[in-house]
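Before any comments, here is the structure.
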């Protein structure tokens, strides 16, 4: 049950139902989810471990504010991890995987604005599932949520994202793990850096006393 509660609250933070800087009260959350305060305390502790919740003095909980400098550091690390996962996964792709890649490549090449929201997560889930390194997967899962949250808060550029994913997927048939890994890393880094820049602009604009 705790795992389910963690996923529920994490999803609320990622989707923006709980906003950055918003206070989270054990009693209110327990009432909303229909459980006692004890599992809620465990949930908030686990979310604090991955940086989505901040625990202040007096066991006061706050949704972690977006901090561009820290987010950029996360993006840099994730880009390297995704690159590594991609390189390890290439040799383990099945025929079914390659068929999915072909279909995803066609979807990414269309003008469908929903393509990036399905193709990109699908590809990264695929390489994580095929990389064969549980420590790597755990490390990615710990920080990937911050990029998802960031994208939800500031939106994205579907056409640009689709073009980038199409470039990655077109490289897969060559079976060159090093080239594909470098491309996946660079694309993720470029996209993540752009998201961080947008977050920084919005954060600055929302600060009191900052000229508009």
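Can you tell which of 138, 80, 159 is at pLDDT below 95 and touching a helix residue (DSSP H, G or I) at 6+ places or on another chain (Cβ under 9 Å)?
159
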Has the stretch 67-74 got at least one residue that is free of Cβ contacts under 8 Å to residues at least 60 places away in the same chain and farther than 27 Å from residue 123 by Cβ?
-> yes
Out of the stretch 62-91, which residues are within 30 Å of residue 28 (Cα to Cα) and part of a helix (DSSP H, G or I)?
-> 68, 70, 71
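Residues to consider are 87, 37, 59, 46; find the one that is within 19 Å of residue 185 (Cα to Cα) and out of contact with any strand residue (DSSP E or B) (no Cβ under 6 Å at 6 or more places or on another chain).
Numbers: 37 fails: within 19 Å of residue 185 (Cα to Cα); 59 fails: within 19 Å of residue 185 (Cα to Cα); 46 fails: within 19 Å of residue 185 (Cα to Cα).
87 is the lone residue from the list that is within 19 Å of residue 185 (Cα to Cα) and out of contact with any strand residue (DSSP E or B) (no Cβ under 6 Å at 6 or more places or on another chain).
Results for (1) assigned by TED's automatic domain parsing to the domain that holds residue 21; (2) surrounded by fewer than 21 Cβ atoms within 10 Å (Cβ to Cβ); (3) in a helix (DSSP H, G or I), shown as yes or no for each residue.
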| position | (1), (2), (3) |
| --- | --- |
| 93 | no, yes, no |
| 99 | no, yes, yes |
| 107 | no, yes, yes |
| 119 | no, no, yes |
| 135 | no, yes, yes |
| 139 | no, yes, yes |
| 149 | no, no, yes |
| 162 | no, no, yes |
| 169 | no, no, yes |
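Those residues that are outside any loop (DSSP other than H, G, I, E, B) and surrounded by fewer than 21 Cβ atoms within 10 Å (Cβ to Cβ), I need them from the stretch 172-184; list them, please. Can you show your working first?
Filtering the stretch 172-184 down to residues outside any loop (DSSP other than H, G, I, E, B) leaves 172-174, 177-184.
Once the filter is applied, which keeps residues that are outside any loop (DSSP other than H, G, I, E, B) and surrounded by fewer than 21 Cβ atoms within 10 Å (Cβ to Cβ), the stretch 172-184 yields 173, 174, 177, 178, 179, 182, 183.
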Candidate set: the stretch 11-36, residues that are surrounded by 14 or more Cβ atoms within 10 Å (Cβ to Cβ) and in contact with a helix residue (DSSP H, G or I) (Cβ under 6 Å, 6 or more places away or on another chain); chosen: the one farthest from residue 61 (Cα to Cα) = 14
When the stretch 15-30 is checked residue by residue, the ones that are touching a strand residue (DSSP E or B) at 6+ places or on another chain (Cβ under 7 Å) and on the phi > 0 side of the Ramachandran plot are 21
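Suppose we filter the stretch 45-71 for residues that are crowded, with 18+ Cβ neighbours inside 10 Å and touching a helix residue (DSSP H, G or I) at 6+ places or on another chain (Cβ under 7 Å); how many remain?
Going through the stretch 45-71 one residue at a time, the tally reaches 8.
Any idea which of 20, 39 is part of a loop (DSSP other than H, G, I, E, B) and not assigned by TED's automatic domain parsing to the domain that holds residue 184?
One residue alone meets the criteria, 20.
The values are calculated or read from the model by the stated rules, or taken from the named source; none is laboratory data. Since we're looking at a predicted model, the values are computed, not measured. Positions of Cβ are generated from backbone atoms using ideal geometry, with glycine treated the same way; all protein chains shown enter the neighbour counts.
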